[in-house]
Amino acid sequence: MRPEYDPRDDPPWAMQLVVRAEKADPPGHRAVCEAAATAVVRLLTDPRAAEPGGEWHGAVLEWESRRIRKVTRRARGVRWPEAGALPGVTVEHADAQVRAFPPGPVADVPPALAKLQVAGLDLADEGAGPPPAPPYAVIAINPDVTMTTGKAAAQCGHAAQLLLRGGKRKDVAAWVDGGARVHLATDVPWKRCVKEAAVAVRDGGFTEVPPGTMTAIAWIVRK
């Protein structure tokens with residue numbers, strides 16, 4: 001199925017996420033997904049994005065008036081410091097490093113990012129670790145949907161963004177103040193948790209899954 005045309009997407013905008021994935025010692029799937037989600041929130045709450053007059057504020061408003069696309073890219077070797085020289089926010093978590101960049105038109109991606117590979121980032125699942133100390137966000141991926149690490153990282157970023165914008169104010173404030181930590185859960189009862197989750201992501205269908213697929217859900221744990 002093709003994604004439905006939405007006039008808000010003309011022209012399309014996206015947030016670029018870059019994962020450091022060295023060939024000899026790549027990060028784990030879960031760590032990348034968790035780091036990507038945290039990076040999105042930290043960028044959106046950075047004063048440069050959150051405060052009127054901030055250098056990223058207008059771009060974020062423009063992007064959020066459209067569907068919130070995210071593109072996950074892979075960098076290794078010299079490409080990683082090249083990407084790091086551009087404005088953005090980097091999160092280091094476990095063995096993962098992910099940098100989020102201010103959103104912009106997909107047709108006008110900076111050359112240092114445009115040259116980075118988009119498709120094919122699929123990393124080994126290193127197994128679930130213990131959740132961090134509260135407050136943190138739980139993100140669960142639909143167990144009936146198969147996605148690469150790059151796609152899953154983007155969906156986790158969507159879930160974290162929706163939680164930031166639509167979660168209970170006190171819960172969100174505590175979560176952000178605590179560093180916007182994220183725990184990717186795969187052992188939860190999906191159908192029950194969908195009903196209880198604060199937010200749910202339905203994919204636009206541009207890559208890997210059909211339009212409207214529920215890919216991820218999220219909620220905040222404060223205690």
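The values are calculated or read from the model by the stated rules, or taken from the named source; none is laboratory data. Computed from a predicted model, the values in this text were never measured in an experiment. Here the Cβ positions follow ideal geometry from the backbone for every residue, glycine too, while neighbour counts run over all protein chains shown. What goes into the accessible areas is simple: the full protein's heavy atoms, side chains included, and nothing from ligands, DNA or RNA. Shrake-Rupley method; radii C 1.70, N 1.55, O 1.52, S 1.80 Å.
Some points to look at:
- Helical content of the chain, expressed as a calculated mean residue ellipticity at 222 nm, amounts to -9500 deg cm²/dmol (DSSP H runs of 4 or more residues, -39,500 (n - 2.57) each, divided by residue number, nearest 500).
- Ordering of 18-27, 102-111 by packing is 18-27, 102-111, highest average first (other Cβ atoms within 10 Å, averaged per residue).
- Cα-based Lys proximity count in the chain, under 20 Å, for pairs eight or more positions apart or on separate chains: 8
- Rolling a 1.4 angstrom probe over the chain with all protein chains present gives an accessible area of which 52% lies on carbon and sulfur atoms.
- In Hz, Karplus ³J(HN,Hα) per residue of the range 132-142 (6.51, -1.76, 1.60; θ = phi - 60°; x = Gly, Pro): x, 5, x, x, 8, 9, 9, 10, 10, 8, 4
- Sorted largest first, the principal axis extents computed over the alpha-carbon atoms of the range 7-221 equal 44, 43, 34 Å.
- Long-range amide H partners of PHE206 with built H, under 5 Å: none
- Contour minus Cα-Cα distance for VAL106 and GLU126 (0.36 nm per residue): 4.0 nm
- Rounded accessible area per residue of the chain, 1.4 Å, Å²: 49 Å²
- For the range 70-84, the Karplus equation 6.51 cos²θ - 1.76 cosθ + 1.60, evaluated at θ = phi - 60°, returns couplings of 9, 10, 9, 10, 10, 10, 8, x, 5, 5, 5, x, 4, 5, x Hz by residue, with Gly and Pro reported as x.
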